[in-house]
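Step one of this worksheet: look at the structure below.
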């Protein structure tokens with residue numbers, strides 16, 4: 001008999017550890033495909049930088065240098081690019097940074113239209129566009145192309161959606177709810193509504209969690225897992 005495991009992943013699209021964590025989780029789920037588990041994943045929005053403008057794209061590298069300073073940013077960049085490279089990701093800090101509310105609205109719409117599979121297809125596309133291709137993910141045309149690329153909707157439908165207020169209030173409420181629950185850094189993963197796994201963990205960490213959950217039908221607490229690297233407010 002298969003046990004159902006629910007993962008709610010709270011994250012922001014501009015957080016590299018969310019991209020890395022997503023890939024690690026995908027690897028882990030694939031690695032335990034023979035276990036009697038049905039793993040359901042839902043991604044929910046978070047807003048790391050509320051002060052970023054909605055309609056203006058800032059130079060990403062300059063923004064990070066101003067925020068962290070040269071030495072701290074160089075260390076952060078090296079850590080992210082090295083960890084990304086281990087997963088086959090070519091993370092770089094070219095391009096622009098912008099507010100992510102519109103991108104999150106499309107993510108929620110993808111979940112509503114096509115469930116986990118469609119949402120993950122969209123997130124893979126937008127993470128790659130932002131972290132590897134330097135695209136402006138605050139731009140409606142760019143978002144519409146990504147929606148079409150990931151089969152969420154056509155380019156024209158996506159533009160119409162983005163020009164409306166659909167899903168906006170839900171996204172804002174979800175962001176507020178995460179903060180209310182004390183989330184100050186992402187990725188933040190909630191397992192079965194009971195346990196929190198914080199930061200960009202490795203596939204091995206998730207594999208151990210899944211194996212433990214598959215071994216028992218009882219609700220047993222997971223042992224404390226050290227926090228992984230994360231992006232914080």
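The values are calculated or read from the model by the stated rules, or taken from the named source; none is laboratory data. All figures in this text were calculated on a predicted structure; none of them were measured in a lab. Virtual Cβ from ideal backbone geometry, glycine too; neighbours counted across all protein chains shown.
Would you tally the residues in the stretch 117-149 being more than 24 Å from residue 83 (Cβ to Cβ), without any contact (Cβ under 8 Å) to a residue 60 or more places away in the chain and surrounded by fewer than 21 Cβ atoms within 10 Å (Cβ to Cβ)?
Number satisfying all stated conditions: 8.
Identify all residues within the stretch 16-42 that are crowded, with 23+ Cβ neighbours inside 10 Å and out of contact with any helix residue (DSSP H, G or I) (no Cβ under 6 Å at 6 or more places or on another chain); write none if there are none.
If the condition is that a residue be crowded, with 23+ Cβ neighbours inside 10 Å and out of contact with any helix residue (DSSP H, G or I) (no Cβ under 6 Å at 6 or more places or on another chain), then 17, 18, 21 are the ones that fit.
Can you find even one residue in the stretch 85-98 that is outside any loop (DSSP other than H, G, I, E, B) and buried (at least 19 other Cβ atoms within 10 Å of the Cβ)? Talk me through it step by step, then tell me what you get.
Let us first name the residues in the stretch 85-98 that are outside any loop (DSSP other than H, G, I, E, B), namely 85-86, 96-97.
When the remaining residues are screened for being buried (at least 19 other Cβ atoms within 10 Å of the Cβ), the result is 96-97.
Taking every residue of the stretch 85-98 in turn, at least one turns out to be outside any loop (DSSP other than H, G, I, E, B) and buried (at least 19 other Cβ atoms within 10 Å of the Cβ).
If I ask for residues that are surrounded by 14 or more Cβ atoms within 10 Å (Cβ to Cβ) and not in a loop (DSSP other than H, G, I, E, B), which ones from the stretch 43-64 would you list?
If the condition is that a residue be surrounded by 14 or more Cβ atoms within 10 Å (Cβ to Cβ) and not in a loop (DSSP other than H, G, I, E, B), then 43, 44, 45, 58, 59, 60, 61, 63, 64 are the ones that fit.
Of the residues that make up the stretch 136-144, is at least one under 15 Å from the mean Cα position of the chain (by Cα) and either under 23 Å from residue 169 (Cα atoms) or not in a helix (DSSP H, G or I) (or both)?
Of the residues in the stretch 136-144, the ones under 15 Å from the mean Cα position of the chain (by Cα) are 137.
Those still in the list that are either under 23 Å from residue 169 (Cα atoms) or not in a helix (DSSP H, G or I) (or both) too: 137.
Scanning the stretch 136-144 turns up at least one residue that is under 15 Å from the mean Cα position of the chain (by Cα) and either under 23 Å from residue 169 (Cα atoms) or not in a helix (DSSP H, G or I) (or both).
Which of the residues belonging to the stretch 17-35 are touching a residue at least 60 places away in the same chain (Cβ under 8 Å) and more than 14 Å from residue 201 (Cβ to Cβ)?
Selection gives 32, 35.
For the stretch 153-172, check the following and say yes or no: at least one residue is under 28 Å from residue 59 (Cβ atoms), touching a strand residue (DSSP E or B) at 6+ places or on another chain (Cβ under 8 Å), in a helix (DSSP H, G or I) and touching a residue at least 12 places away in the same chain (Cβ under 8 Å).
Within the stretch 153-172, one or more residues are under 28 Å from residue 59 (Cβ atoms), touching a strand residue (DSSP E or B) at 6+ places or on another chain (Cβ under 8 Å), in a helix (DSSP H, G or I) and touching a residue at least 12 places away in the same chain (Cβ under 8 Å).
In the stretch 1-42, what residues are part of a strand (DSSP E or B) and over 20 Å from residue 102 (Cβ atoms)? Walk me through it before giving the result.
We begin by selecting, within the stretch 1-42, every residue part of a strand (DSSP E or B); these are 3-11, 37-42.
3, 4, 5, 6, 7, 8, 37, 38, 39, 40, 41, listed by residue number.
May I ask you to say which residue of 67, 105 is at negative phi and surrounded by fewer than 19 Cβ atoms within 10 Å (Cβ to Cβ)?
So the residue among 67, 105 that is at negative phi and surrounded by fewer than 19 Cβ atoms within 10 Å (Cβ to Cβ) is 67.
Mind checking whether some residue in the stretch 222-232 is within 20 Å of the chain's Cα centre (by Cα), surrounded by 13 or more Cβ atoms within 10 Å (Cβ to Cβ) and modelled with pLDDT under 90? Walk me through how you get there before you give the answer.
Taking the stretch 222-232 first, the residues within 20 Å of the chain's Cα centre (by Cα) are 225-232.
Okay, now just the ones that are also surrounded by 13 or more Cβ atoms within 10 Å (Cβ to Cβ), so 225, 227-231.
When the remaining residues are screened for being modelled with pLDDT under 90, the result is 225.
For the stretch 222-232, residues within 20 Å of the chain's Cα centre (by Cα), surrounded by 13 or more Cβ atoms within 10 Å (Cβ to Cβ) and modelled with pLDDT under 90: present.
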